[in-house]
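The values are calculated or read from the model by the stated rules, or taken from the named source; none is laboratory data. Every value quoted in this text rests on a predicted model; they were computed, and no experiment measured them. Every residue, glycine among them, receives a Cβ derived from its backbone with ideal geometry; neighbour counts consider all protein chains shown. The area values use the complete protein model at the heavy-atom level, side chains included, leaving out ligands, DNA and RNA. Shrake-Rupley method; radii C 1.70, N 1.55, O 1.52, S 1.80 Å.
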Amino acid sequence: MLLPRMGQPRSAARQTKIRKSVIAASAAIMLFGPTAAVANAEPAPALPADLIAAVTRDLKISPEEYLRRADLGQQVAAFATSAQRQYPQVFGGAWLDDAGKAVVAVAQGPGAEEARKAAESAGFDVRNVAKSEAALRGEKSAFERWLESQPEAVTALVRGAVIDTVNNSIAVRVDQAGLPMPSFVDPARVIVMAPPVAGEQLPQGTAIAEGDNRAALAGGDGYASVGGGSQLRCSFGFNGTDRSGNVVNISAGHCNPDIASAGGSNAATVHELLPQDRRGAQLGVFQKSVLGNQDYSIIRINDSFADRFSNNSVRVPGAGPIAVDGVATPVVGAPVCKSGSRTGFSCGIVNAVDQTVQVGDRELTQSFSANICALPGDSGGPIVTGRLALGISSASSVADYPICEIPNLIGALTGNTPQLFAQPVSVVLSDNPGLRVRTN
C-alpha cells in the first residue's frame, strides 16, 4: 500500500521476514524501462500542460500519440473479450507493442484461420505463437503445483507466476535472483521485483483550519482521513454519484483508517488537506470501504460541499485538469497516467492485467500494474488512459523511497522498474450497481 506509513523505517522493513506472495494473472507482463526527458510540448486540446509534460517525459510520445494509443487499447480490449469466447483454443492474447501497434497472437488449432482473419479485418497485426492463452493457464497452474512442493526458503521469495502473452510464456516474479525454477520456466522471464510496501501517516495533532474554501476539488487533490486514532494522507480518486444520486468520490480502501466503521454513525471522516498538511473542513465520510480482494472506498460528500465535487476533473493539485469522459478496461501495452497529491502526474505502460498480488496480509485480486513511480500520499488517486477513468492507485513497489528520481534511476540501470498496482474502476462499478463516475 502507499498509505499508511506506520512509522517503520525502511531498514527495519527490509529486516522483516518476507511473506509468501501470489501473483496470478490472465494477461501479460511487458517491462519498459524509464525514458529520458524530452522537450516540453504545447498543450493539446483537452489535455492540461502538466499531463503533456508527463507524457513527453515518461513515454517520449506526443500527446496526440498518447490519445491515439489509449483509444487503440480500448479497441484491443473489445476484440480480446470477443476472441476469448469465439476462439478459445487458439487465441493467444492481444496487446499494444512498444511502437503502439495492436497485436493479436494466434496459435495453431481449430479456428486459427478465422481468428487471423478477424484480427486482420480489425486492422491488427497477427503474431503466430506456439501456445494459446488456455495452454499458458495450464503452465501457470503447473508452476503453482510445483511451488507448493518447495521448501519455505524458496516459496517465501516467490511472488508468483503470471501469464505473459507478449512472450507467449509464463513469467515469475521473485524477491531474489538465483532461485531454482522448474524446467518449463524461461530463466529470462524470472523477474526480480521489490514487494509492495506501506506509505505515510499524518502526525497526530495536525492543525485544523476550518476555512470556508469553495474551490472545486478533483481527482489527484489531497485529503486527510481521520478515524480510529489515526490520520492518513491520501488523494481523491474519481468524482461520481451513487445509486441514490448522492455526490461521492471513489478512492482507495486502505485510505480509511477505520475500515470497520464505514457506513456507520461513527464512520471515519474525510477532510480537505491544506498547505503544510493542515487538516481543513470535513468534506464527507467513508460510506463504504473494501480492503482485501479489492481496495476501494466510496466517500460520501457532505451536501454542503457537493458542488465542489460536481466535476469530472483529474489534475495535479492547483493546476489545469483533464476532463474524464468515460471508463476504460486495462490493456497490456496501453499508456496510462496517474495523478497524486504527492508526485502529481506520471505516466507509464500497463504491463499486467487481471492479476492477484499479496500486499501485506491481504491479497489484491483483479488488479493491473504499470511501470509508474508512486509515493506516499498518492494512494487513492486516479489513473487514466487517454481521457478515460481506468483505476485507483493501491500499492507501490517503491513507496518507501523519498523521491521518484531514485527508483527511476535504479530502474534505468537495472531494469527493475517501479511498479504501481491499481484497482480497476470497472470492477468497483460492477460491484456497486448504480455507482457512476462523473463524465460531464
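Here are some notes:
- Listed by position, the strands (runs of 3 or more DSSP E) enclosed by the range 325-440 that each have at least 1 residues that are on the phi > 0 side of the Ramachandran plot are 346-359, 362-370.
- Selected residue [open to solvent by 30 Å² or more (accessible area, probe 1.4 Å), within 18 Å of Leu435 (Cβ to Cβ), basic (Lys, Arg) and not in a loop (DSSP other than H, G, I, E, B)] from Arg233, Arg300: Arg300
- Filtering the range 284-311 to residues that are among the hydroxyl-bearing types (Ser, Thr, Tyr), in contact with a helix residue (DSSP H, G or I) (Cβ under 7 Å, 6 or more places away or on another chain) and without any contact (Cβ under 8 Å) to a residue 60 or more places away in the chain leaves only Ser289.
- Residue list for the range 337-370, restricted to those being touching a Cys at 6+ places or on another chain (Cβ under 7 Å) and crowded, with 24+ Cβ neighbours inside 10 Å: Cys337, Phe345, Ser346, Cys347
- Any pair with Cβ under 7 angstrom, 6 or more apart, that starts in the range 255-283 at a residue that is surrounded by 16 or more Cβ atoms within 10 Å (Cβ to Cβ) and acidic (Asp, Glu) and ends at one that is modelled with pLDDT of 95 or more and not in a strand (DSSP E or B): Asp258/Ala268
- Condition met for Arg68 (closer than 22 Å to Ala328 by Cβ, among the charged types (D, E, K, R) and either within 26 Å of the chain's Cα centre (by Cα) or part of a strand (DSSP E or B) (or both)): yes
- Sole residue being in contact with a Gly (Cβ under 8 Å, 6 or more places away or on another chain) and more than 21 Å from Asp71 (Cα to Cα), chosen from Ala399, Ala389: Ala399
- Test: residue in the range 274-282 that is at pLDDT below 95, among the aliphatic types (A, V, I, L, M), farther than 18 Å from Ser310 by Cα and over 23 Å from the mean Cα position of the chain (by Cα): yes
- Subset tally (residues that are within 14 Å of Gly333 (Cα to Cα) and among the charged types (D, E, K, R)) for the range 88-119: 3
- Of the criteria (1) out of contact with any strand residue (DSSP E or B) (no Cβ under 7 Å at 6 or more places or on another chain); (2) of a type outside the set (Lys, Arg); (3) modelled with pLDDT under 95; (4) surrounded by 15 or more Cβ atoms within 10 Å (Cβ to Cβ), which one Asn40 fails: (4)
- Residue within the range 392-406 that is out of contact with any Pro (no Cβ under 9 Å at 6 or more places or on another chain) and buried (at least 24 other Cβ atoms within 10 Å of the Cβ) present: no
- Residues of the range 102-116 that turn out to be part of a helix (DSSP H, G or I), in contact (Cβ under 8 Å) with a residue 24 or more places away in the chain and surrounded by fewer than 22 Cβ atoms within 10 Å (Cβ to Cβ), as a count: 2
- Whichever residue in the range 304-320 is at pLDDT 90 or above and in contact with a Pro (Cβ under 6 Å, 6 or more places away or on another chain) and, among such residues, is farthest from Asp378 (Cα to Cα): Ser313
- Matching option when the condition is open to solvent by 30 Å² or more (accessible area, probe 1.4 Å), in contact (Cβ under 8 Å) with a residue 24 or more places away in the chain and among the β-branched types (Val, Ile, Thr), among Val314, Val327: Val327
- Of the residues in the range 214-229, at least one is at negative phi, over 26 Å from the mean Cα position of the chain (by Cα), of a type outside the set (A, V, I, L, M) and modelled with pLDDT under 95.
- Members of the range 407-440 that are farther than 18 Å from Gln355 by Cβ, crowded, with 22+ Cβ neighbours inside 10 Å and among the hydrophobic types (A, V, I, L, M, F, W, C): Val437
- Within the range 243-274, tally of residues that are within 14 Å of Ser289 (Cα to Cα) and part of a loop (DSSP other than H, G, I, E, B): 10
- For the residues Ala80, Ala119, Ala99, Ala53, the requirement of being closer than 30 Å to Thr343 by Cβ and part of a helix (DSSP H, G or I) singles out Ala53.
- Given (1) open to solvent by 20 Å² or more (accessible area, probe 1.4 Å); (2) at pLDDT 95 or above; (3) within 18 Å of Arg308 (Cα to Cα), index of the condition Ser244 fails: (3)
- Selection count, the range 407-440, where residues are touching an Asp or Glu at 6+ places or on another chain (Cβ under 8 Å) and of a type in the set (A, V, I, L, M): 1
- Residue list for the range 117-140, restricted to those being under 26 Å from Ser397 (Cβ atoms), open to solvent by 20 Å² or more (accessible area, probe 1.4 Å) and at pLDDT 90 or above: Glu139
- Residues located in the range 303-324, provided they are among the hydroxyl-bearing types (Ser, Thr, Tyr) and in a strand (DSSP E or B): Ser313
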